[in-house]
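Here the structure comes first, spelled out in structure tokens, and everything after it is commentary.
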Amino acid sequence: MRASRSGYVQAPLRPASPSDTFARPMKTEAATPDPMSVIRSRRFVLLQLVTAIGGLVVSFAASGFLELVHQIQVGVFTDLPKDVGYDNGAPPWA
């Protein structure tokens, strides 16, 4: 058996004995990184910065969409009836 890059031991193509038939690949023990060192790393800070900028872009787009919807509603329900000839605003059925 040999260890692959992922850390799992690759089983041979044919079992060595009948007791090895149901054997599963074993993961070798690997040291887990310290969570505080991950948080302090430069890559993590860069990831936070990129997500913050992305959040700002999305929030500005949402705000612009809401303003667009507001302007369309004002145009349809206030300005358009005045332009068509209803001087007192929208007709009563609208």
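The values are calculated or read from the model by the stated rules, or taken from the named source; none is laboratory data. Predicted, not measured: the structure shown is a model, and the values here were computed from it. As a convention, Cβ positions derive from the backbone with ideal geometry for all residues, glycine included, and neighbour counts pool all protein chains shown.
On inspection, V69 does not qualify as within 30 Å of P92 (Cα to Cα), at pLDDT below 95 and of a type in the set (A, V, I, L, M). Residues that are assigned by TED's automatic domain parsing to the domain that holds W93 and within 30 Å of W93 (Cβ to Cβ) occur in segment 54-66; there is at least one.
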